[in-house]
Each structure stands twice: as C-alpha cells, then as structure tokens.
Amino acid sequence: MKSAVETLNPTRVRLTVEVPFEELKDSLDAAYKKINQQVTVKGFRKGKIPARVIDQRFGRGAVLEEAVNDALPKFYTEAVNEADVNPLGQPEVDITELKDGELLAFTAEVDIRPTIEIPDYSGIEVTVDAVEVTDEDVEKSVEQLRERFASTNPVERAAAEGDVVTIDLEAKVDGEVLPDGVASGVQYTIGSGELLDGIDEAVTGLEAGGEATFTSELKGGSAEGKEAEVTVKVTQVAARELPELDDDFAQMASEFDTLEELKADSRKRLENMKQYDQATQAQERVLDELLKLAEVPIPEKLLEDEVNTRKHNLEHHQLGQMGLSIEKYLELQGKTLEEFEAETREQAVKGIKTQFILDELVNKEKLNVNQEELTEHLMRRAASSGMSPDQFAKAVVEGGQVPMLVGEVARGKALAVVVEAAKVVDTNGEPVELDDEDEADETAEKVEASAEESEDKGEGKTEA
C-alpha cells in the first residue's frame, strides 16, 4: 500500500491511498464467504458455492463492493498512522480507481487536531472577588435555618403575606371548566410566587370561607399559555411562627449548645463556600486569559457537530424534562433565536478550544492520571449525576467512556498548572493562594462542556 497526505488547511487533510490488488485477498475471501451464507444456488450446498458460480450468478461487481467495504477501514487506518495525523470524526471517502485484479485507489478527507503552540502563560494576571463574610451574611444564614424550623398554626383572621393558606382552585377558559383545572386542599405561602400570577393579590385579605376570582395565564396543563378565569376559595388561614433565636434553638437545629457557636459555625461555612467560589472564579478567568493568548483553529465540521449536540441536549433532555418547548424557553430567557444560536456557537467554540489547548498542555507537561485521581473524579461525577458510584462506574465501563474520564482529569491537572503559574489577586489587592486541583478539575470539565462528545463520536473510528 502507498499513501500520501495533503494539508488542505490547519484542521483538514486529504489522504491519497493506492492498494495493490493482491492486498485485497483477505477481504475478497471474506466477501465470498459472506455471500455464500446469504444466497442459495440449486445444485450446491449452502456455504459451498464456488467463487466462479457466485461471479456468474450475482456479478463480480457485488463481490468487489463487499470486499472494498470490508477493506477500506483497515487501509484508511494504516494511512492515518503513516501520515501521523490525529483524525476527528468520520472521513469522507471517495474511491477514485478500482481495477479488478490490478488496483484499488481512494482518497479520504478528514478533520484533524490542529497543531497548537502553547503560549507563555507565566504572565497571566487576574482579579477575583475577595472572601468577605459580613455579620449580615451570618444573620441571613441563621435566619434561613430558622425558617426551616417554622411551625404553622391556624388563625381566625384575614390572610396576609407570609401566611400559609389552604385553597381550592377552579380554572375556566372561554367559560368552560378545564378537565385538569380543578384542585382542592392546596397549601400556598402568600408571597412565594410558586403558583399563578395574581393569586397573592386575590387571597390577601380573605378569611377562611372567602373566595375571589382573578385572571391569569396558565403555566402548565392542557391550556398552557392561555388566559384563564380562576376562582380561588380559602378554606384555612395559618400563620407561620418562627422559633426564638436563643440557645434552645441552636440545640434543636444543630449540634451546638449555644447560639454564638451556631453563628460561628455559619460564618466558617460561608467562608469556605466563598473560598471555593473564589477558586472557581480564578480558574475560569485564568482559562479565559489563556484562550486569548493561544491561536486555536477550529475544525468546522467538529464545531457544527458540537453546536447540534448542545441544541439536542437542551431541547430533548433539559427542556424535555421540564416540559418546555425551545420557543417557551427563549421567551422566558428573553432571547431571540438568533441570540440563542450565537450564544450556543460561542460556547461550543470555547469548549473545543479549551479541550484542544489543555490536551496539548497535558502532552507538553507529561501529565499522568493515577487510579486515585480517576476514582475521586468518578465519585464526583457520580454524585452530580444522581447515581451511586458503582452504578456510574458500570455505566462508564459499559459505554467505553473511561478514556473520556481520564481526559477530563488530565485537563483539570493541566489547568491547575496554568493557575499555579498565574498571578491571582482579590479586589482588595491581596494575593490569592490556590492549591486545590479538585476545583481545577471541575472547572475544566464544566467549561469544555460536551466538546469531547462530538469528537468521541468519530475519533479513531474507520467506517467508510
């Protein structure tokens, strides 16, 4: 076999391959064997039909087509290895010559990983939010905990904001009660905004037994999006009572004996959360600066696949689970379709660039992933997916996604190298020390999003 490679652009090549006919022997034998099992010829046992009879009855062309389809992946892979290129996705194959008994020639155009020059990232400087926990932050945290321990007691008075009312609802559209427009015994906290627009105003001031009618756009059900006339009847008004903020509350709501100990713990937890947010912010901003420094050509086909993958995941998974159409989603987001398309494309470009440059850094820095790092990453991914570690690990192995997880961990380590070399200060001008690779791992995974999905669909495969 002879092959040559021609660079069409920084992300695409054309392979030209010539195969002497004798190298097709194994594929020709396999083709005759396959056809033997599929056809019957009177006078011959199944599987024992001579090649010359198959040629006469079914045509030599059918055999050649079967043989070429069998052989192309092998010869394409050999050509890729000889050219030392990293293909992305499926090749576009064109058979340019097929002379029976003499020669098979074909070309294969395919996207490749571009050659990337890693820039000097030692001069990167970013500013992040300072870690500051105020007394107001602590009070708000304790108040949220207090809300969780609130009790409700029925009262004989008009309903007011913050009260929990028990209500019956009936919705009509064009004067007809909707089949799914009746509900009884619904508990609703006035001011929470969890039900229909206009319900707060309708029930405020009503006592048990009182009712009101208002108009609202339905948010779900058979008449979603339509204006409905809604009648609401209050059957009970209950006041929420918060526990006293004292040592007894601390003992009831936590493992601490005093309120001061509870507040101190709340302050520490808030500091930890803000430190984590600060680390994540630093990594994202360092990554943004790194991407600005690097020239990263993007294969157009890979980009289109990534954009389509993101759209599909949003429409058929995220929005599908919420019962939203893409039109309704855009309306809620206040975006036009054009803005959504541009934003999705921008995110896809960033994801692909991130993967390419961090992968190049992995190679340059000779970063390896050990079993402990892979296990820790798997545990995090399992937790975020809602699966047990065992379930997630089984799904990863069965889906052949172990290399993908290894890549995610390696890219996280590469990002940590860049962050360590960067100068990070907070808004007070104080230097920020970042030494946790876990956040870098998660940040790399998040910003690259599903860029590897579209690549993994085809990289290294040889279907033609």
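Between residues in the range 133-159 that are at negative phi and among the small types (Gly, Ala, Ser) and residues that are surrounded by fewer than 15 Cβ atoms within 10 Å (Cβ to Cβ) and not in a strand (DSSP E or B), which pairs lie under 7 Å by C-beta distance while being six or more apart or on different chains? Short answer, once both residue conditions are applied: ALA150/LEU242; ALA158/GLY205; ALA158/GLU207; ALA159/GLY205. Mind listing whichever residues of the range 179-207 are crowded, with 17+ Cβ neighbours inside 10 Å, more than 34 Å from the chain's Cα centre (by Cα) and modelled with pLDDT under 90? Answer for the range 179-207, where residues must be crowded, with 17+ Cβ neighbours inside 10 Å, more than 34 Å from the chain's Cα centre (by Cα) and modelled with pLDDT under 90: just GLY181. Scanning for something outside any helix (DSSP H, G or I) and not hydrophobic (A, V, I, L, M, F, W, C), does the range 305-320 turn up at least one residue? No, there is no match, as no residue in the range 305-320 is outside any helix (DSSP H, G or I) and not hydrophobic (A, V, I, L, M, F, W, C).
The single condition among (1) hydrophobic (A, V, I, L, M, F, W, C); (2) touching an Asp or Glu at 6+ places or on another chain (Cβ under 8 Å); (3) more than 30 Å from GLU261 (Cβ to Cβ) that VAL131 does not satisfy is (3). Considered as a group, the residues in the range 241-293 that are assigned to a helix (DSSP H, G or I) and β-branched (Val, Ile, Thr) include one that is surrounded by the most Cβ atoms within 10 Å (Cβ to Cβ), and that residue is VAL286. Residue count for the range 320-357, restricted to those that are of a type in the set (Asp, Glu) and more than 21 Å from the chain's Cα centre (by Cα): 2.
Only one of the listed residues (THR166, THR213, THR235) is of a type in the set (Val, Ile, Thr) and in contact with a helix residue (DSSP H, G or I) (Cβ under 9 Å, 6 or more places away or on another chain). That residue is THR213.
Annotation note: Cβ proximity below 8 Å between a residue of the range 364-376 that is in contact (Cβ under 8 Å) with a residue 40 or more places away in the chain and a residue that is not in a helix (DSSP H, G or I) and not aromatic (Phe, Trp, Tyr) (sequence gap 6+ or interchain) occurs for LYS364/ILE118. Could you list, in sequence order, all residues of the range 334-393 that are touching a Gly at 6+ places or on another chain (Cβ under 9 Å), part of a helix (DSSP H, G or I) and either loosely packed, with under 13 Cβ neighbours inside 10 Å or of a type in the set (A, V, I, L, M, F, W, C) (or both)? Of everything in the range 334-393, those that are touching a Gly at 6+ places or on another chain (Cβ under 9 Å), part of a helix (DSSP H, G or I) and either loosely packed, with under 13 Cβ neighbours inside 10 Å or of a type in the set (A, V, I, L, M, F, W, C) (or both) turn out to be LEU358, VAL362.
When ALA79, ALA105, ALA71, ALA67 are checked against the criterion of being surrounded by 18 or more Cβ atoms within 10 Å (Cβ to Cβ), small (Gly, Ala, Ser), in the same structural domain as THR11 (by TED's automatic domain parsing) and under 17 Å from VAL5 (Cα atoms), ALA79 stands alone in meeting it.
Determine, yes or no, whether LYS328 is on the phi > 0 side of the Ramachandran plot and either surrounded by fewer than 16 Cβ atoms within 10 Å (Cβ to Cβ) or touching a strand residue (DSSP E or B) at 6+ places or on another chain (Cβ under 7 Å) (or both). For LYS328, the condition - on the phi > 0 side of the Ramachandran plot and either surrounded by fewer than 16 Cβ atoms within 10 Å (Cβ to Cβ) or touching a strand residue (DSSP E or B) at 6+ places or on another chain (Cβ under 7 Å) (or both) - is not met.
Of all residues in the range 123-178, those that are surrounded by fewer than 16 Cβ atoms within 10 Å (Cβ to Cβ), within 24 Å of ALA223 (Cα to Cα) and at pLDDT 95 or above total 1. Considering every residue within the range 358-373, establish whether at least one is within 26 Å of THR11 (Cβ to Cβ), within 21 Å of the chain's Cα centre (by Cα) and outside the structural domain of GLU224 (by TED's automatic domain parsing). Checked against the condition, which is being within 26 Å of THR11 (Cβ to Cβ), within 21 Å of the chain's Cα centre (by Cα) and outside the structural domain of GLU224 (by TED's automatic domain parsing), the range 358-373 yields at least one hit. Which residue, of LEU15, LEU28, is of a type outside the set (Val, Ile, Thr) and closer than 15 Å to ALA62 by Cβ? After applying the criteria, what remains is LEU28. Taken over the range 31-52, the residue count meeting the criterion of being surrounded by 15 or more Cβ atoms within 10 Å (Cβ to Cβ) and part of a helix (DSSP H, G or I) is 5.
The values are calculated or read from the model by the stated rules, or taken from the named source; none is laboratory data. Everything numeric in this text was worked out from a predicted model, so none of it was measured. When we count neighbours, we look across all protein chains shown, and the Cβ atoms used for this are built from the backbone with ideal geometry, even at glycine.
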